[in-house]
Amino acid sequence: MKSSTFCAASGVLEKVSTPTGTGEVFIRHAVAHDVVARMRYQPGCDVENATKQAIDQLPDETDGVGGLIALDKDFKHAFAMSAKSLGMYRGYVTERGDMFVAIGAADTPKPIKLANE
């Protein structure tokens, strides 16, 4: 099962998505809301820190496997996933159209080219 949680907050965060096999954990602990609240109420907390803190502070539950991709209002992106996750498909496209993808937890996103380029 895959699930996605989306959250919007007046100019603080555009969207938070949690593609995961156990989305109930993310919904039950309001992880998307937690990211937004950290950015809004912790002075100087950017999207990268808010995302990492929200994931790091999830309780150690048996089915607590998943990750979080977040974008702020300036389209800065951040990624974090639970320690139990081996990987998560993720990617982004820059304003210039450059595409990057990664799978493993420690993977640095690598540039990709379409076959017709």
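Each reported figure results from applying straightforward, stated rules to the coordinates on display, with no laboratory input. Quantities reported herein were computed from a predicted structural model and do not represent experimental measurements. Reconstructed Cβ throughout: ideal geometry from the backbone, glycine too, with neighbour counts over all protein chains shown.
Taking 1.306 mPa s as the viscosity and 10 °C as the temperature, the Stokes-Einstein diffusion coefficient of the stretch 55-110 based on its alpha-carbon Kirkwood radius rounds to 128 µm²/s.
If a spin label sat at a point 7 angstrom from the Cα of D74 along the line to its beta carbon, the backbone N atoms of the stretch 24-54 nearer than 15 Å would be those of 39-40, 44-50.
Packing-based ranking of 87-98, 58-69 yields 58-69, 87-98, ordered from highest to lowest mean Cβ neighbour count within 10 Å.
How much net charge surrounds A102 when only the other residues with a Cβ under 11 Å from the Cβ of A102 are counted, with Lys and Arg +1 and Asp and Glu -1? Kindly include the intermediate steps, with their values, before the conclusion.
Values: positive: R90, K110; negative: D107.
Computed value for this residue: +1.
Convex hull volume of the C-alpha atoms in the stretch 13-86, normalised per residue: 77 Å³. Cross-link partners of K84 among aspartates and glutamates, defined as those whose alpha carbon lies under 16 angstrom from its own and excluding same-chain residues fewer than eight positions apart: E24, D56, D60, E61, D63, D107.
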